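Here's the structure we're looking at; comments come further down.
The values are calculated or read from the model by the stated rules, or taken from the named source; none is laboratory data. All values reported here derive from a predicted model rather than from experimental measurement. Backbone-built Cβ (ideal geometry, glycine too); neighbour counts: all protein chains shown.
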Amino acid sequence: MSFDTIAAIDLGSNSFRLQVARVVDDQIYPLDSLKDTVRLGAGLKEDGSLDAQTIERALNCLKRFGERLRDIPPEAIRAVGTNTLRVAKNANIVLPAAEAALGVPIEIIAGREEARLIYLGASHSLPATKERRLVVDIGGGSTEFIIGSQYKALKLESLFMGCVSWTMKFFPEGKITKNNLQYAILAARTELQSIVTEFCPDEWQIAIGTSGTARSLSDILELNDLSPSGITLEGLEKLKGILIKAGSIDNLQLNGLRADRAPVLPGGFAIMCAVFAELGIQQMQITLGALRDGVLYDLIGRHHHKDMRDTTVTQFKRRYHVDAKQVERVSSLSLNLFKQLEQSMSLTDEHAEQVLQWSARLHEIGLSVSHTGYHKHSAYILEHADMPGFSRPEQLQLAQLALSHRGKLGKLMHLLALPARRAQILALRLAVLFHRSRRDMELPATELSVTKNGFKLAISTEWLEAHPLTATALKQESAAWADSGFKLEIIGQ
């Protein structure tokens, strides 16, 4: 399925942005954009939760975005949340209201996934040359670093510092002094120590800045004759003197400084100075491509069978030495069984089939850690690993299904209450059970359907008699479902 019009929503720690674009021959042509400086990161209280005023501001913005999106198919829209929504203690309470206001699901993406999407967006706005690029994106709550060549990201990192959080921490009430500016720069340099070796000048040929902080600094330096082009080390030094002399954000009189950027300029400036110092940058060019552009290109890929998530699953199978034939057997049978349940349960979530297939292909990766309790290791890896293309909620679904494919069901009662998840779990467990021998074999025709209190599996009596191990395993599986309050009837035919 492909769409002529697609949309991306970037719920950043400083600004919320909506981009609507037309798609022609896999190229994106902007149609409309909306921006609201919500400053989500500034709404984090001491206990780590978002305050009521910031939540209200965010919801009002999302309602406006939702009106603009009303005529675009939900499948052609992708909304992503970044650092503040990653760390907010009450994000699980805020998200349902936010999704209702926007009208589409919101994915909370990990830092490295954010970095991958940033590079995807930036690379499409740069010449298709082969040099290795360092791309730096200073956001409101985090800063992403990527080294890549052409359209491929080679190294990805995300650090927990941004223009909003740094300004709040080091420049309270907007005061700028020589001391607090120096402290802010040194603190950022300390954060950068963990990535200096991998992102040193020997690893790249050109430095690129993207998003609000980099663009704002570039505009200021150029329009105040502090730099001939882009951001330079010399220009930053000159701007430092101007900031200290001004003494506060309110006193700043700079060409190119927009009103919405001024309140977070000191924090972003301090981080940029630290980046230049630690990574050996002399000059940084600016590109317009950013996270929302990367989300749009990633969305195109998903609809043109170039889904990054499929690539990640393939890479994980290879990295964890998965038995490829076995997981394909399990994947094929689990999908077949799930489709039977889809019909009788009237399930229409196409994404549920995708998630089931990914889970089936990765359910054994924990064997690389230990055979004992390997399903728990699989679940841990799937939930916590960096998985390019996957959002955190998607990774949690994969982890839950991997955990569910063997063992007791009592730990999954909250999932069994959901019809689609219940069907996924049963399909995966039965597929693993039937393919326990780990060899190609001819399976009997089976009919899996839903009953009032659970499920019914109709299977050849003759086949069961010839396979007593599987017959016994099915009885045990029936008992496991009974212990969880559901009935699994095994009917011979």
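Before we move on, is residue 462 assigned to a helix (DSSP H, G or I), crowded, with 19+ Cβ neighbours inside 10 Å and among the charged types (D, E, K, R)?
no
Within segment 16-31, is there a residue that is more than 21 Å from the chain's Cα centre (by Cα), hydroxyl-bearing (Ser, Thr, Tyr) and farther than 19 Å from residue 264 by Cα?
Yes, because at least one residue in segment 16-31 is more than 21 Å from the chain's Cα centre (by Cα), hydroxyl-bearing (Ser, Thr, Tyr) and farther than 19 Å from residue 264 by Cα.
Go through segment 258-317 and report how many residues are of a type outside the set (S, T, N, Q) and within 30 Å of residue 385 (Cβ to Cβ).
So the count comes out to 30.
Hey, any hits in segment 193-216 for a residue that's in contact with an Asp or Glu (Cβ under 6 Å, 6 or more places away or on another chain), over 27 Å from residue 87 (Cα atoms), outside any loop (DSSP other than H, G, I, E, B) and not assigned by TED's automatic domain parsing to the domain that holds residue 30?
yes
For segment 341-365, which positions are at pLDDT 90 or above and not aromatic (Phe, Trp, Tyr)?
The answer is 355, 356, 357, 359, 360, 361, 362, 363, 364, 365.
If residue 185 satisfies all but one of (1) more than 24 Å from the chain's Cα centre (by Cα); (2) within 30 Å of residue 385 (Cα to Cα), what's the number of the condition it fails?
(2)
Only one of (1) within 21 Å of the chain's Cα centre (by Cα); (2) of a type outside the set (Phe, Trp, Tyr); (3) at pLDDT below 95; (4) surrounded by 14 or more Cβ atoms within 10 Å (Cβ to Cβ) fails for residue 74. Which number is that?
The single condition residue 74 does not satisfy is (4).
Yes or no, residue by residue, for (1) of a type in the set (A, V, I, L, M, F, W, C); (2) part of a helix (DSSP H, G or I); (3) modelled with pLDDT under 90:
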site	(1), (2), (3)
263	no, yes, no
268	no, yes, no
273	yes, yes, no
285	no, no, no
295	yes, yes, no
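Has segment 105-126 got at least one residue that is surrounded by fewer than 18 Cβ atoms within 10 Å (Cβ to Cβ), on the phi > 0 side of the Ramachandran plot and not assigned by TED's automatic domain parsing to the domain that holds residue 395?
No, there is no match, as no residue in segment 105-126 is surrounded by fewer than 18 Cβ atoms within 10 Å (Cβ to Cβ), on the phi > 0 side of the Ramachandran plot and not assigned by TED's automatic domain parsing to the domain that holds residue 395.
Identify all residues within segment 463-484 that are touching a residue at least 12 places away in the same chain (Cβ under 8 Å) and of a type outside the set (A, V, I, L, M); write none if there are none.
463, 470, 475, 477, 478, 481, 483, 484
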